[in-house]
Structures are given as C-alpha cells and as structure tokens.
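What follows is a set of notes on a single structure, which appears directly below.
The values are calculated or read from the model by the stated rules, or taken from the named source; none is laboratory data. Since this is a predicted model, take the numbers as computed values, not measurements. FYI the Cβ positions are ideal-geometry reconstructions off the backbone, even for glycines, and counts take in every protein chain you see. Heavy atoms of the whole protein, side chains included, go into the accessibility calculation; ligands, DNA and RNA do not. Shrake-Rupley method; radii C 1.70, N 1.55, O 1.52, S 1.80 Å.
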Amino acid sequence: MDDQTTTARPLRADAARNRAKILEVAGAAFDAHGTEVSLEDVAKEAGVGIGTLYRHFPTRLDLIAAVYRSSLDAFVAHADELLAERPAAEALDDWVLSFVDYVIRKRGMAAALKAGLGPDVQQVFAEGRERMLAATSRLVVAAQEQGAIRTDVDAVDLLRAVSGVCLAGTETADRESTVRILRLVLDGLRWSAPTPA
C-alpha cells in the first residue's frame, strides 16, 4: 500500500490539506455507509477531483488503511490530551468509555483490511496494538501514581478487558450495556486502591 504518511518527501501545503480533508470525509462516510461507499462521492464531498483522491490513495484499500491509521492516531493522541487536561483517574475513565465508539468505528475498516491484505494485515494490527498499549500504559501509570487505582493491574490487563467488552458489545450493537460494563471494570480498578498520601 502506498501511504503518503510513510514517504520521506513532505507534501505541499495544499496537497496536505487535500489529503487531510479526504481522510476526514472518508472516515465519516465509512462510519455512516461502510467501506464500500462511493469514492466519487467522497472526493466530491472533500472538494477535490477523483484524480486527486487516487493520487493520494491509489486503491480503496489504501484509503481504508490510511483512515484506519488516522483514527488510531487521533485516539492515541486523545489519551495524552486528556492527561494534560484532567486528573489521571478522570482521564482514564473518559478514554476507556470512548473506546466503545472507537471500536465500533474501526470494525468495518478492520474487516475490509483483513479481506484485502490477508496475512499481511497482522503487521498493521500489531503496530496498532503496540501504540494502543503505550497510550493505555501512560494512563494507568498516571492514575496509579495518584493513588486512584489499584497497583496490581497493568496496561495489558486493562486493554485486554476493555477490548473484550467492546468487541462483545459491537456484536450485539448494545452501546448502553457496553458502557455499563466498562463502568464496572473501572470501578474494579478502584477497589483496594492505595490511599493517596
């Protein structure tokens, strides 16, 4: 796949704007209509010609992969934004609860990538898991340092629990139930938490 984010030569400012707009519009279109949405409609909504879209993303699979990575970038960055703005325990809560929409949003893209990339998709997913684990670790450690959650849990434990709950939730499409279970997981993190100094 030819993903412009991995090329050494930087894009011109107008080309970078076009690419960002295509990703934004495509992400919303995938959310609303699935990954088989008309690329001509995506280009039109982004205010570019279809040729411009294909220059950035030669195939539909390239576009799906780029939107998938962009969604991951935004979600990982959100963890750090929350940590900068709120107490660690609140940041952790908000990020975990936002996992529901993130998993729902990426589900169709993940299925399309599996179908299109075959075994090669494992590298894409492995890179994503590493970045997600690092973001989760920053939140967990910060909350533990503030005495807000128990110390016998790590990022792997939490990510496994949250991912499992969210993936099960997307099968039933019951967002409210999924959020309720995640709140129970978060309550469990606070059980036996050390008393802050």
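Output the residues belonging to the stretch 44-65 that are open to solvent by less than 10 Å² (accessible area, probe 1.4 Å) and either assigned to a loop (DSSP other than H, G, I, E, B) or closer than 16 Å to residue 129 by Cα (or both).
First, the residues of the stretch 44-65 that are open to solvent by less than 10 Å² (accessible area, probe 1.4 Å): 53, 57, 63-65.
Listed by number, the residues that qualify are 57, 65.
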Worksheet item: Just checking, which of 179, 103, 96, 153 is touching a Leu at 6+ places or on another chain (Cβ under 9 Å), under 30 Å from residue 61 (Cα atoms), modelled with pLDDT under 95 and among the β-branched types (Val, Ile, Thr)?
Response: 103
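Taking the stretch 119-132 on its own, how many of its residues are open to solvent by less than 50 Å² (accessible area, probe 1.4 Å) and in contact with a helix residue (DSSP H, G or I) (Cβ under 9 Å, 6 or more places away or on another chain)? Before you say what the answer is, go through the steps one by one.
So in the stretch 119-132, the residues open to solvent by less than 50 Å² (accessible area, probe 1.4 Å) come out as 121, 124-126, 128, 132.
Filter again for in contact with a helix residue (DSSP H, G or I) (Cβ under 9 Å, 6 or more places away or on another chain), leaving 121, 124-125, 128, 132.
Going through the stretch 119-132 one residue at a time, the tally reaches 5.
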Response to the item:
Among helices (runs of 4 or more DSSP H) entirely inside the stretch 105-197, those with 1 or more residues being farther than 21 Å from residue 94 by Cα are 121-145, 155-172
Worksheet, complete the sentence: When residue 25 is run through (1) surrounded by fewer than 19 Cβ atoms within 10 Å (Cβ to Cβ); (2) over 19 Å from residue 117 (Cβ atoms), the failure sits at (1)
